[in-house]
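The values are calculated or read from the model by the stated rules, or taken from the named source; none is laboratory data. Remember, predicted model here, so these are calculated numbers, not experimental data. Cβ placement follows ideal geometry from the backbone for every residue including glycine, while neighbour counts extend to all protein chains displayed.
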Amino acid sequence: MGKRAAIRPVDWDGGRVVWINQRNIPWKEEWRRSSSVEELARAIETLEIRGAPAIGVAAGFALTLAVWGARGGAQGAMKALRRGAGRIRSTRPTAVNLFWAVQRMLDRAERMHDEGATLAGLKEGMLEEARAIQREDIEANMAIGRYGNSLVRDGDVILTHCNAGALATAGYGTSYGVIRAAWESGKDIRVIATQTAPLYQGARLTIWELTRDGIPATLITDSMAAYAMGNEGVTKVMVGADRILLNGSVANKIGTLGLAVIAKHVGIPFYVAAPLSTVDPKSRSIPIESRAPEEVRTFLGKVRMTVEDVPVLNPAFDVTPPRLVSAIITERGIARKPYERSLGNIIGARGGKG
Ligand code: MRU
């Protein structure tokens, strides 16, 4: 039944952060280590570390590094922490987990500082908080897996997009966590993964994880999604999210909106799985990251696929409106329309978001 421990893509390793370089998967399993906040920021910008919850975990460890490397006592550490927070916040704008984790680290440090913590105390507190973010994400993912599994039937063919697996989280997966839980509970399921151009997180990362876990999988190009949903017996679509507004609008990898439209057209459910750290109850709109044109003009920066300098669009995410979202699976239960009420109740029951 292929039960292999899920990978932890970002971790703390005795004063340094260790991460698997996701740009090199599936060709090479390269683990990188650093004690530099700047290197962590670049790893997030270049997608060596990617996926909303994983960049939240990386943000926690990066700010731990900021304090661990600080000089000038507790005052110096607070200065380094605020500088580090600014740099980490500047890396990627869409996934709210990043901002949530940075704020959580700052809040903890400010509280400790107000209570007169020493530099040693701050170092310990930051590591404890970053580890809590990591541990809670795995717990949340496993709970999402259990709730989501109640929606999966024997024989389901699940179409997924991008990578919302262990690699994209602290180490289990959100929408992939549902697939993992269903498979581990013995259900006979099959996964169809889209390539997810232009950076191919589906082809490179999701297929790598599915193969590693022994879950039956088929790869398609993004443009085959409507055909696959109409002709290949797809029974549900299951995706992750980078930011979810209280009204149920879901930002996720570019192409997600198209899948939701097709799912509606063919009459199959479109599910989103995400931890509450991905829910942004304060914003009314979602900033969409626009990435370098070369990502579209070339195959992963290696081979040029078009005319040099052709104008391109490269939004990294799109927003699916709530009416196309059948349900949002969180660690506190499954939210359904109207989302203001269901998500509001779930967040309220948790006693606020932080
Ligand atoms: O640009 P990426 O690879 O960071 O985008 C990731 C996604 O869109 C994922 O679907 C999302 O973060 C959910 S991950 C659990």
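Does any residue of the range 204-221 turn out to be outside any helix (DSSP H, G or I), away from the ligand (no atom under 12 Å from the Cβ), touching a residue at least 40 places away in the same chain (Cβ under 8 Å) and in the same structural domain as residue 276 (by TED's automatic domain parsing)?
Of the range 204-221, the ones outside any helix (DSSP H, G or I) are 214-221.
Next cut, away from the ligand (no atom under 12 Å from the Cβ) only: 214-221.
Adding the requirement that they be touching a residue at least 40 places away in the same chain (Cβ under 8 Å) leaves 214-215.
This time we only want the ones that are in the same structural domain as residue 276 (by TED's automatic domain parsing), so: 214-215.
Within the range 204-221 (the criterion being outside any helix (DSSP H, G or I), away from the ligand (no atom under 12 Å from the Cβ), touching a residue at least 40 places away in the same chain (Cβ under 8 Å) and in the same structural domain as residue 276 (by TED's automatic domain parsing)), the answer is yes, since at least one residue qualifies.
I need a count of the residues in the range 8-41 that are in contact with an Asp or Glu (Cβ under 8 Å, 6 or more places away or on another chain) and within 16 Å of the ligand (Cβ to nearest atom). Please lay out each step first, then the result.
Residues of the range 8-41 in contact with an Asp or Glu (Cβ under 8 Å, 6 or more places away or on another chain): 17-24, 32-33.
Then drop every residue that is not within 16 Å of the ligand (Cβ to nearest atom), which leaves 19-24.
Counting residues in the range 8-41 that are in contact with an Asp or Glu (Cβ under 8 Å, 6 or more places away or on another chain) and within 16 Å of the ligand (Cβ to nearest atom) gives 6.
Quick check on my filter: what residues within the range 264-290 are on the phi < 0 side of the Ramachandran plot, more than 16 Å from the ligand (Cβ to nearest atom) and of a type outside the set (S, T, N, Q)?
As a first pass, look at the range 264-290 and keep what is on the phi < 0 side of the Ramachandran plot: 264-266, 268-290.
Restricting the remaining residues to those that are more than 16 Å from the ligand (Cβ to nearest atom) gives 264-266, 268-269, 281-285.
Once the filter is applied, which keeps residues that are on the phi < 0 side of the Ramachandran plot, more than 16 Å from the ligand (Cβ to nearest atom) and of a type outside the set (S, T, N, Q), the range 264-290 yields 264, 265, 266, 268, 269, 281, 282, 284.
Is one or more of the residues making up the range 30-48 within 16 Å of residue 133 (Cβ to Cβ), β-branched (Val, Ile, Thr) and in contact (Cβ under 8 Å) with a residue 60 or more places away in the chain? It would help to see each step written out before you state the result.
Start the filter on the range 30-48 by keeping residues that are within 16 Å of residue 133 (Cβ to Cβ), which leaves 40, 44.
After this cut, where a residue has to be β-branched (Val, Ile, Thr) as well, the list is 44.
Now restrict to residues that are in contact (Cβ under 8 Å) with a residue 60 or more places away in the chain: none.
No - not one qualifying residue is present in the range 30-48.
Residue 189 is checked against (1) over 16 Å from the mean Cα position of the chain (by Cα); (2) free of Cβ contacts under 8 Å to residues at least 40 places away in the same chain; (3) within 15 Å of the ligand (Cβ to nearest atom) and fails just one. What number does that condition carry?
So residue 189 meets the others, but not (3).
On the given criteria, is residue 312 in contact with a helix residue (DSSP H, G or I) (Cβ under 7 Å, 6 or more places away or on another chain), of a type in the set (A, V, I, L, M) and more than 18 Å from residue 257 (Cα to Cα)? So that I can check it myself, show each step before the final result.
Working: in contact with a helix residue (DSSP H, G or I) (Cβ under 7 Å, 6 or more places away or on another chain): yes; of a type in the set (A, V, I, L, M): yes; more than 18 Å from residue 257 (Cα to Cα): yes.
Considered against the rule, which asks whether it is in contact with a helix residue (DSSP H, G or I) (Cβ under 7 Å, 6 or more places away or on another chain), of a type in the set (A, V, I, L, M) and more than 18 Å from residue 257 (Cα to Cα), residue 312 comes out as yes.
Can you confirm whether residue 129 is over 20 Å from residue 335 (Cβ atoms), surrounded by fewer than 24 Cβ atoms within 10 Å (Cβ to Cβ) and not aliphatic (A, V, I, L, M)? I'd like the intermediate steps shown before the answer.
Details: over 20 Å from residue 335 (Cβ atoms): yes; surrounded by fewer than 24 Cβ atoms within 10 Å (Cβ to Cβ): yes; not aliphatic (A, V, I, L, M): yes.
The answer is yes for residue 129.
Does any residue of the range 178-188 turn out to be touching a Ser or Thr at 6+ places or on another chain (Cβ under 9 Å), within 24 Å of residue 259 (Cα to Cα) and not in a strand (DSSP E or B)?
Residues of the range 178-188 touching a Ser or Thr at 6+ places or on another chain (Cβ under 9 Å): 179.
Pick out the ones that are also within 24 Å of residue 259 (Cα to Cα) and you get 179.
When the remaining residues are screened for being not in a strand (DSSP E or B), the result is 179.
Yes, the range 178-188 contains at least one residue that is touching a Ser or Thr at 6+ places or on another chain (Cβ under 9 Å), within 24 Å of residue 259 (Cα to Cα) and not in a strand (DSSP E or B).
Looking at the range 303-354, which of its residues are among the acidic types (Asp, Glu) and under 14 Å from residue 274 (Cα atoms)?
Of the range 303-354, the ones among the acidic types (Asp, Glu) are 308-309, 318, 331, 340.
Hit for the range 303-354 is 331, nothing else.
When the range 275-306 is examined, which residues are found to be within 12 Å of residue 245 (Cβ to Cβ) and of a type in the set (A, V, I, L, M)?
Within the range 275-306, 279, 286 qualify.
Residue under question is residue 221, and the condition is that it be buried (at least 22 other Cβ atoms within 10 Å of the Cβ) and of a type outside the set (A, V, I, L, M); does it hold?
Values: buried (at least 22 other Cβ atoms within 10 Å of the Cβ): no; of a type outside the set (A, V, I, L, M): yes.
So residue 221 fails the test.
Please indicate, with yes or no, whether at least one residue in the range 191-205 is touching a helix residue (DSSP H, G or I) at 6+ places or on another chain (Cβ under 8 Å) and surrounded by fewer than 19 Cβ atoms within 10 Å (Cβ to Cβ).
Within the range 191-205, one or more residues are touching a helix residue (DSSP H, G or I) at 6+ places or on another chain (Cβ under 8 Å) and surrounded by fewer than 19 Cβ atoms within 10 Å (Cβ to Cβ).
With 102, 17 as the choices, which residue is within 25 Å of residue 290 (Cα to Cα) and not assigned by TED's automatic domain parsing to the domain that holds residue 316?
Of 102, 17, the one residue that is within 25 Å of residue 290 (Cα to Cα) and not assigned by TED's automatic domain parsing to the domain that holds residue 316 is 102.
Quick check on this structure: which one of 43, 85, 59 is of a type outside the set (Val, Ile, Thr), closer than 26 Å to residue 290 by Cβ and touching a strand residue (DSSP E or B) at 6+ places or on another chain (Cβ under 7 Å)? Step through it out loud before you land on a result.
On the way: 85 fails: touching a strand residue (DSSP E or B) at 6+ places or on another chain (Cβ under 7 Å); 59 fails: touching a strand residue (DSSP E or B) at 6+ places or on another chain (Cβ under 7 Å).
Exactly one residue qualifies, and that residue is 43.
Being more than 14 Å from the ligand (Cβ to nearest atom) and farther than 18 Å from residue 229 by Cα is the filter here; which residues of the range 155-186 pass it?
If we filter the range 155-186 for residues that are more than 14 Å from the ligand (Cβ to nearest atom), which is where we start, we get 155-158, 181-186.
Hits for the range 155-186 are 181, 182, 183, 184, 185, 186.
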